[in-house]
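These notes are about the structure you will find just below.
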Amino acid sequence: MSTGVILTLHQASEDITIYAGLTMFMGGILEDVLNIIVFLCLKTFREKSIQSPIADALACYITNVAFRQYHLYGFLLSPRYNIRNLANQTVPLVRRYSVKQLTKIVLNQILSNFIFTSPYSIASILIFSMANVSDPIIIAQLNFTNVLTMLLYYLSFACLFYVYTCASERFRKQVMYVLFEVHLKRWRKPRIVINQSVTLAAQIDEGPFQLQVTQPFANGSMQTITLNDVLFGDVWICSGQSNMQFAVSRMFNATIEIENAGKYSKVRLFVASTAQAYTPQEELLSIGLRWSVASATSVASGYTSAVLLNNTVLYNAMVQPFTRMVIKGAVWYQGENNANFNRDKYPCTFSKMIEYWRAIWYTRTNSITDPLFPFGFVQLSTNDRTGMVVGGFPWIRWHQTFDVDYVPNSVAPNVFMAVALDLRDDERGIHPRNKFDVGYRLSRSGLAVAYGYRNITYQGPTVASISVASDSRKINITYTDQMSSSVELRNPNGFEICCTSKPVCLSNESVWGTATASQIQGSSLTIYLAVPSSCILRPIIGLCYLWRETPCLFKKAAVYSSTDSDLPAPPYIHFF
């Protein structure tokens, strides 16, 4: 190798050493900045007592703490203990979520550190093993390699690498929200907002109308705001979580539905963008879709007909601003997250939410909104592909009816629902793409409950009575005649019987036995179940129907309405 090349290597080594030093310096600064951001976010969440999966995602992402736990205690000895310890220091609402996120971060750090530090370690070993080498070319090559690998190592700390490889998009948005909307907002000049509302008299004609709002000023001038193409009609608030946020473009037959949207020119659509606030807001922080005429363009633009609701900060920013608007009713689609979290509290929390919404809308609209406005919801669909899992989904479905089996009922008056457990979509799990049937079932029950339509079948058969034969070999189930004069037994499966004690029935899924259903000749509303041999001559303790996370094939539940074959009987559990 020529002297010029050696000098070039030496010069490159010196230059890269300088760059490495600058990189280390910048890496330290960025690391401190990230620490400050995380600290401020955590401090804010703890001060405000915000409890949510987002708070946990942020709290668990204590970057340097997690990394130091990993570095101090090693790869194999105690990372699981350290992860749990960190998770327990965060908001305990979704602790399993915290553990999962921390595990992901630490594993990512282990892999990344291996990738980034291995070249540096190898170079260091080579330099140490060749300490007595006097050849300037080899020394220059080693120094050059050492600096390059060192630069690679420190680059991993000089960027927000782990934020983009470990954290979700929701987490990154949350960091930016806390940073700009909470902390920097403290130094902003406060705005003066004057809220005014006008109550218009009811109109016989629906419109469209042109509205003009005129404001006089002290100098004698006038300011006029004109609103065109205004319709008078019912406003429905559609809220929930991911299934309510499901875009029309993702459903089955989306192209047809989008093309047909233009046929409903009297429908207006509006979407609030996802936003959060620690205090109740009077105005929306951001708008996803302004009031628009239903059309192929507006529906295909990602319209979801939903206000996303998950916790208090979302309610403050996305629902509270609507509570000054007179509404006809609300539609709700949520519950999957509760299958394994506070499941037994769901009847209480759900009913209290409905009561609160009704009360606040009634109060804030000067008693114009019905204090018992209609509230519709979609019962949980499916997830598991095997049909063997029980899990928490059946209980949430049961609790959604307030442990009654049907709605409306005495616990929840003026409430209606759409059963969806027979609309499985194995490819998408908890986000089934068959939204047409869900919409149809919801519209039927809404027409009957919210609008008082008579002679309309709006729900599947509901149980009137259950009786056990004296020889314990048969169980008769009779359905009410309110919806139809007969029931359709589409297949004999879906019923299960338990003949041990009630505590065992509740705690052990394996003690339930299959009971085959059959139609009784001459009795259009009664079916009978053949009691399994293991329960004959023993007291029957419990009976359940469709008590699985995914209880049947597509539209193959056991019992349907004979008047409307698209309406299945809801699931239930009964103890004698």
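Go through (1) hydrophobic (A, V, I, L, M, F, W, C); (2) open to solvent by 50 Å² or more (accessible area, probe 1.4 Å); (3) under 37 Å from the mean Cα position of the chain (by Cα) and name the single condition Ala515 misses.
(2)
Mind telling me which of the residues Phe416, Phe393 ends up being more than 25 Å from Ala517 (Cβ to Cβ) and touching a residue at least 24 places away in the same chain (Cβ under 8 Å)?
Phe416
Determine, yes or no, whether Gly494 is open to solvent by less than 30 Å² (accessible area, probe 1.4 Å) and of a type in the set (Gly, Ala, Ser).
yes
Quick one: would you say Ser523 is within 18 Å of Ala464 (Cα to Cα), among the small types (Gly, Ala, Ser) and part of a loop (DSSP other than H, G, I, E, B)?
Criteria met by Ser523.
May I ask you to list pairs of residues, at least six apart or on different chains, whose Cβ atoms are under 7 Å apart, with the first in region 316-333 being in contact (Cβ under 8 Å) with a residue 40 or more places away in the chain and the second being of a type in the set (Phe, Trp, Tyr) and open to solvent by 10 Å² or more (accessible area, probe 1.4 Å)?
Asn316/Tyr278; Ile327/Trp236; Lys328/Trp236; Gly329/Trp236; Ala330/Trp236; Val331/Trp236
Which pairs turn up if I take residues in region 241-267 that are not assigned by the TED database to the domain that holds Leu314 and look for partners that are of a type outside the set (D, E, K, R) and surrounded by fewer than 15 Cβ atoms within 10 Å (Cβ to Cβ) with beta carbon separation below 7 Å, at least 6 apart in sequence or on another chain?
Matching pairs, first to second residue: none at all.
For Gln281, all conditions in the list (1) modelled with pLDDT of 85 or more; (2) within 21 Å of the chain's Cα centre (by Cα); (3) not small (Gly, Ala, Ser) hold save one; what is the number of the exception?
That leaves (2) as the condition not met.
How about region 502-512: which of its residues are without any contact (Cβ under 8 Å) to a residue 60 or more places away in the chain and either surrounded by fewer than 17 Cβ atoms within 10 Å (Cβ to Cβ) or under 24 Å from Arg424 (Cα atoms) (or both)?
Answer for region 502-512, where residues must be without any contact (Cβ under 8 Å) to a residue 60 or more places away in the chain and either surrounded by fewer than 17 Cβ atoms within 10 Å (Cβ to Cβ) or under 24 Å from Arg424 (Cα atoms) (or both): Pro503, Val504, Leu506, Ser507, Asn508, Ser510, Trp512.
Suppose the filter is modelled with pLDDT under 85, closer than 22 Å to Tyr278 by Cβ and of a type in the set (Val, Ile, Thr); does Val193 pass it?
Yes: the conditions hold for Val193.
Looking only at residues that are at negative phi, in contact (Cβ under 8 Å) with a residue 12 or more places away in the chain and not aliphatic (A, V, I, L, M) in region 215-232, which one is surrounded by the most Cβ atoms within 10 Å (Cβ to Cβ)?
Checking each candidate, the answer is Phe232.
With the condition kept exactly as written, say whether any residue in region 523-542 is within 35 Å of the chain's Cα centre (by Cα) and open to solvent by less than 20 Å² (accessible area, probe 1.4 Å).
yes
Consider Arg548 against the criteria (1) free of Cβ contacts under 8 Å to residues at least 24 places away in the same chain; (2) within 25 Å of Leu423 (Cα to Cα); (3) not assigned by the TED database to the domain that holds Tyr406: it satisfies all of them except one. Which criterion is unmet?
The number of the failed condition is (1).
Filter region 397-442 down to the residues that are of a type in the set (Ser, Thr, Tyr) and closer than 19 Å to Lys345 by Cα and list them by number.
Matches in region 397-442: Thr401, Tyr406, Ser410.
Check Ala277 against each of (1) out of contact with any Asp or Glu (no Cβ under 9 Å at 6 or more places or on another chain); (2) assigned by the TED database to the domain that holds Trp357; (3) not in a helix (DSSP H, G or I) and name the one condition it does not meet.
(1)
With Thr478, Thr462 as the choices, which residue is of a type in the set (Val, Ile, Thr), over 21 Å from Phe554 (Cβ atoms) and open to solvent by 30 Å² or more (accessible area, probe 1.4 Å)?
That would be Thr478, the only listed residue that is of a type in the set (Val, Ile, Thr), over 21 Å from Phe554 (Cβ atoms) and open to solvent by 30 Å² or more (accessible area, probe 1.4 Å).
Among the residues of region 387-404, write down those that are open to solvent by 10 Å² or more (accessible area, probe 1.4 Å) and of a type in the set (Gly, Ala, Ser).
Residues satisfying the conditions are Gly387, Gly391.
The values are calculated or read from the model by the stated rules, or taken from the named source; none is laboratory data. Bear in mind that the values here come from a model prediction, so they are computed numbers and not experimental data. Heads up, the Cβs are rebuilt from the backbone with ideal geometry, glycines too, and the neighbour counts pull from every protein chain shown. All accessible areas refer to the heavy atoms of the entire protein, side chains included, with ligands and DNA or RNA removed. Shrake-Rupley method; radii C 1.70, N 1.55, O 1.52, S 1.80 Å.
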